[in-house]
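The values are calculated or read from the model by the stated rules, or taken from the named source; none is laboratory data. As the structure is a computational prediction, the values presented were derived from the model and not from experiment. Here the Cβ positions follow ideal geometry from the backbone for every residue, glycine too, while neighbour counts run over all protein chains shown. Only protein heavy atoms, including side chains, enter the accessible area calculation; ligands, DNA and RNA are left aside. Shrake-Rupley method; radii C 1.70, N 1.55, O 1.52, S 1.80 Å.
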Amino acid sequence: TDNYLMGYKIGEYIKAKKPDGGKICTIEGNPAADNILRRAQGMRDALTGTKDLAALAGEGGWTEVAGCPVFTNDDGAKGVQAMTDILAANPDLDAFGIMGGWPLFGAPQPYRDLFKPMAKKISKNQFVIGAADTIGDEVAIAKEGLVTALVGQRPFEMGYKAPTVMMDLIAGKKVPDPV
């Protein structure tokens, strides 16, 4: 997966629904996970049109609220609790950018419980949620209208390609750089 591009796509979906910007919170996993940090950077770049901002402070109309990004250590329940807390502290929040689907696939019912009351706002793009992955309950949650956009990976291709590349490397073959 090109993680920067994945985050960029999430940002494009959010921006398409909220072109004038707003207040956003980024939900991330482990603060040392390079793939997640790249996704978050891609999202910020897509939202603002500016590269390499560490945080959003009005660029492109987007501001990250206090306490964000939230690092959940890939724990779905912790992600939903953090989202609950952020919404309570920021009733004027406009969007969540979720860099991994943990709150959706790791705690699907609490996620539903949190966002069902906001379904109408989500359907009217008054509140936007862009999330990574399309596993577990995520697609069902999207069909229920409780997430604006999902950007998925291709796990079958990844599972097929990884051993193929390793076998080529073992055989001394040159393999293309995926970046």
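Among all helices in the chain defined by DSSP H, which have a length of 15 Å or more along the axis from Cα atoms plus a Kyte-Doolittle mean of at least -1.0? Result, helices passing both filters: 3-17, 34-48, 76-89, 155-170. A simple rule links phi to the HN-Hα coupling: the Karplus curve 6.51 cos²θ - 1.76 cosθ + 1.60 with θ = phi - 60°, which for the stretch 139-152 gives 5, 4, 4, 5, 5, 7, x, 9, 8, 6, 8, 10, 10, x Hz, with x for Gly and Pro.
Near THR134, the amide H atoms lying under 5 Å from its own belong to GLN153; only residues 5 or more places off or on other chains count, and H is placed 1.01 Å from N. Can you pull the percent of Cα pairs in the stretch 10-54 with separation above 12 Å? Result: 61 percent of Cα pairs exceed 12 Å.
Within the stretch 2-90, none of the chymotrypsin sites (Phe, Trp or Tyr not before Pro) combine a DSSP coil assignment with at most 13 other C-beta atoms in a 10 angstrom radius. The share of accessible area on the stretch 44-179 that comes from carbon and sulfur is 59 percent, using a 1.4 angstrom probe.
Please go through the residue pairs LYS18/LYS143; LYS15/LYS51; LYS9/LYS116 and name each one whose alpha carbons sit more than 18 Å apart in this structure. If you can, show how the numbers build up before the last one.
On the way: LYS18/LYS143 20 Å; LYS15/LYS51 15 Å; LYS9/LYS116 25 Å.
As for pairs spanning more than 18 Å Cα to Cα, those are LYS18/LYS143; LYS9/LYS116.
By its C-alpha gyration tensor, with a ≥ b ≥ c as the square roots of the eigenvalues, how is the stretch 70-144 shaped: rounded for a/c under 1.5, else prolate for a/b larger than b/c, else oblate? The shape class here is oblate. Annotation: amide H-H contacts under 5 Å for GLY22 (H modelled 1.01 Å from N, sequence separation of 5 or more, or interchain): TRP62, THR63.
A simple packing score, the average count of other Cβ atoms within 10 Å per residue, orders the peptides 87-98, 39-50, 104-115, 166-177 as 39-50, 104-115, 87-98, 166-177, with the highest score first. Bridging of LYS174 to lysines at a Cα separation below 23 Å is possible for LYS161, once same-chain residues fewer than 8 apart are set aside.
Quick check on the stretch 1-148: take the gyration tensor over C-alpha atoms, sort the square-rooted eigenvalues as a ≥ b ≥ c, and tell me if it's rounded (a/c under 1.5), prolate or oblate. Rounded, since a/c falls under 1.5.
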